[in-house]
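Remarks on the structure that follows.
The values are calculated or read from the model by the stated rules, or taken from the named source; none is laboratory data. Fair warning: this is a prediction, and the values are worked out from it, not measured in the lab. Cβ atoms come from the backbone with ideal geometry, glycine included; neighbour counts cover every protein chain shown. The area values use the complete protein model at the heavy-atom level, side chains included, leaving out ligands, DNA and RNA. Shrake-Rupley method; radii C 1.70, N 1.55, O 1.52, S 1.80 Å.
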Amino acid sequence: MQNFTYYTPTKVVFGRNTEAQTGALIKEQGGKKVLLHYGGGSVVRSGLLDRVKESLREQEIDWVELGGVVPNPRLSLVYQGIAMAKEEQVDFILAVGGGSVIDSAKAIGYGAAGEGDVWDFYARKRKPLSCLPLGVVLTIAASGSEMSNSSVITNEDGWIKRGYRDDLCRPRFAVMNPELTMTLPPHQTACGCTDILMHTMERYFTSAETMEITDSIAEALMRTVIANARILLEDPRNYEARAEMMWAGSLSHNDLTGCGGDGGDFACHGLEHELGGLYDVAHGAGLAAVWGSWARYVYRDCLHRFYRFAIRVMGISDTGSREETALKGIEAVEEFFRSLRMPTSLEELGIHPGAEELELMAKKCAASAGGRKGSAKVLYEEDMLAIYEMARQRSRL
Ligand code: NZQ
Ligand code: ZN
């Protein structure tokens, strides 16, 4: 095992009607004037935004609001939010929504607390010194951004999607009412389940030595996500399944399932970020579209983990051949994705990049990772290109 620091300062308030506590939670953090940030309208239609405003009113907290965050959140809206936050002298940001809203709020938090271009942080030109405090009312179980130190923003100038990680942006609190996720379209629920599964898989498939306790937690989490995703397919209003998924989403990306590891592989996330930047695909669907090709490309270099995963997570019986068993595990994951109507190729994702586009994405992916990425197998630009090529059509054995 490796040395590690585990830091999860976010206060979690979980369960039915918890959004009514939002105002009190902001007051507890010393917030007096809030930038209320949200997406394309689901929180308006569901009535959630009104309920949150009511809880701010009860605590005599002022607010200004900025909606309009889109999936793969844009830098231009972040700039607007920074200008607004400065002009209105807000001292707290409240994200009401999913990963895109939370990530946009984090970027606004960095920008509003300092000077200069906030994109510098995402372009690795400099590091922020502070971030406005922020809180979250979560509406989709997926990104884990409600407890993570990460923010992913898309710069329309070049359509570059980049993540930046820093503990400064960890939310002060996260309100999680599983009922709020019941208005999600089935496709978004499925994308969320896929992303949650992937956050632990990215940490699990590693060539480093790990810890048994972490591996066991990770395996339990992955089994729970798969089982409850299946329940939600049939019964989207099942509160228990929504709750399991929501809590799994946070635990899957707050580093619990990576303690003692090497930071994980995260190559699929790198490959997806290029797809999201160029083609504006949903993050979870993009991950599903490349995972099978990635897994087939790397599994021989990380056979012991793929073998263990097949048996302990996907319930495959040992065939007597580690390689064959591992491959059956990969097939079972793809079968699971298909059952959720998630794509397992770029074609099924609905995009048809030509050779030039694939080369461009591989180049950008390698460059953003400093030339190499991955732990199950270290990937260079040519490997990334090979995986994109495999993913173009449904990957085959
Ligand atoms: O904009 P609205 O109208 O709210 O609609 C959203 C959006 O269209 C809708 N939605 C959310 N909650 C809903 C709802 N519709 C009905 N009822 C509800 N309760 O769902 C759509 C997707 O929302 P989005 O916030 O984009 O989803 P998600 O949470 O999956 O976030 C995706 C973004 O997070 C990034 C991704 O790259 C992507 O940009 N990630 C952030 C991470 C982090 N900060 O730690 C880690 C992840 O790996 C990921 O990269
Ligand atoms: Zn993700």
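The set of residues from the stretch 270-279 being out of contact with any strand residue (DSSP E or B) (no Cβ under 6 Å at 6 or more places or on another chain), modelled with pLDDT of 95 or more and surrounded by fewer than 24 Cβ atoms within 10 Å (Cβ to Cβ) comprises just one member, TYR279. Which condition number in (1) within 21 Å of ILE140 (Cα to Cα); (2) in contact with a Lys or Arg (Cβ under 8 Å, 6 or more places away or on another chain); (3) part of a loop (DSSP other than H, G, I, E, B) is the one that VAL70 fails? Of everything listed in (1) within 21 Å of ILE140 (Cα to Cα); (2) in contact with a Lys or Arg (Cβ under 8 Å, 6 or more places away or on another chain); (3) part of a loop (DSSP other than H, G, I, E, B), VAL70 misses just condition (2). Candidates ALA376, ALA386: the one that is open to solvent by less than 40 Å² (accessible area, probe 1.4 Å), touching a Phe, Trp or Tyr at 6+ places or on another chain (Cβ under 6 Å) and modelled with pLDDT of 95 or more is ALA376. Only residues that are in a loop (DSSP other than H, G, I, E, B) and within 19 Å of ALA282 (Cα to Cα) were counted across the stretch 173-186, and they come to 2.
To keep it simple, each residue is scored yes or no on (1) out of contact with any helix residue (DSSP H, G or I) (no Cβ under 9 Å at 6 or more places or on another chain); (2) open to solvent by 10 Å² or more (accessible area, probe 1.4 Å); (3) within 16 Å of ligand 2 (Cβ to nearest atom).
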{"residue": "VAL43", "(1), (2), (3)": "no, no, no"}
{"residue": "GLY47", "(1), (2), (3)": "yes, yes, no"}
{"residue": "ARG57", "(1), (2), (3)": "no, yes, no"}
{"residue": "GLU60", "(1), (2), (3)": "no, yes, no"}
{"residue": "LEU66", "(1), (2), (3)": "no, yes, no"}
{"residue": "VAL70", "(1), (2), (3)": "no, yes, no"}
{"residue": "PRO73", "(1), (2), (3)": "no, no, yes"}
{"residue": "SER76", "(1), (2), (3)": "yes, yes, no"}
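Of everything in the stretch 102-120 that's open to solvent by 10 Å² or more (accessible area, probe 1.4 Å) and in contact (Cβ under 8 Å) with a residue 12 or more places away in the chain, which residue is farthest from ligand 1 (Cβ to nearest atom)? Give the steps one after another, and end with the answer.
Let us first name the residues in the stretch 102-120 that are open to solvent by 10 Å² or more (accessible area, probe 1.4 Å), namely 103, 112-117, 119-120.
Next cut, in contact (Cβ under 8 Å) with a residue 12 or more places away in the chain only: 103, 112-114, 119.
Numbers: ASP103: 5, ALA112: 18, ALA113: 18, GLY114: 20, TRP119: 16 Å.
Applying the filter and picking the extreme gives GLY114.
Taking the stretch 260-309 as the range and being more than 16 Å from ligand 2 (Cβ to nearest atom) and of a type in the set (D, E, K, R) as the test, the residues that pass are ASP262, ARG296, ARG300, ASP301, ARG305, ARG308.
You will find that of GLU334, GLU348, the residue that is more than 16 Å from ligand 1 (Cβ to nearest atom) and open to solvent by 30 Å² or more (accessible area, probe 1.4 Å) is GLU348 and no other. One residue stands out among those in the stretch 136-152 that are among the hydrophobic types (A, V, I, L, M, F, W, C) and either in a strand (DSSP E or B) or free of Cβ contacts under 8 Å to residues at least 60 places away in the same chain (or both): the one that is farthest from GLN21 (Cα to Cα), which is VAL152.
Looking only at residues in the stretch 85-101 that are outside any helix (DSSP H, G or I) and over 16 Å from GLY31 (Cβ atoms), the one that is nearest to ligand 1 (Cβ to nearest atom) is GLY98. Per the listing SER368, SER339, the residue uniquely buried (at least 20 other Cβ atoms within 10 Å of the Cβ) and in contact (Cβ under 8 Å) with a residue 24 or more places away in the chain is SER368.
Tell me whether the stretch 29-41 contains one or more residues that are under 30 Å from VAL281 (Cβ atoms) and either open to solvent by 70 Å² or more (accessible area, probe 1.4 Å) or assigned by TED's automatic domain parsing to the domain that holds TYR279 (or both). Checked against the condition, which is being under 30 Å from VAL281 (Cβ atoms) and either open to solvent by 70 Å² or more (accessible area, probe 1.4 Å) or assigned by TED's automatic domain parsing to the domain that holds TYR279 (or both), the stretch 29-41 yields at least one hit.
Among the residues of the stretch 158-172, those that are open to solvent by less than 70 Å² (accessible area, probe 1.4 Å) and assigned to a strand (DSSP E or B) comprise ILE160, LYS161, ARG162, GLY163, TYR164. Among the residues of this structure, PRO353 counts as one that is open to solvent by less than 60 Å² (accessible area, probe 1.4 Å), away from ligand 2 (no atom under 16 Å from the Cβ), out of contact with any strand residue (DSSP E or B) (no Cβ under 9 Å at 6 or more places or on another chain) and not in a helix (DSSP H, G or I).
Within the stretch 134-157, restricting attention to residues that are β-branched (Val, Ile, Thr) and open to solvent by 10 Å² or more (accessible area, probe 1.4 Å), the residue that is farthest from ligand 2 (Cβ to nearest atom) is THR139. GLU234 meets the conditions (1) surrounded by fewer than 22 Cβ atoms within 10 Å (Cβ to Cβ); (2) within 12 Å of ligand 1 (Cβ to nearest atom); (3) acidic (Asp, Glu) in every case but one. The failed one is (2).
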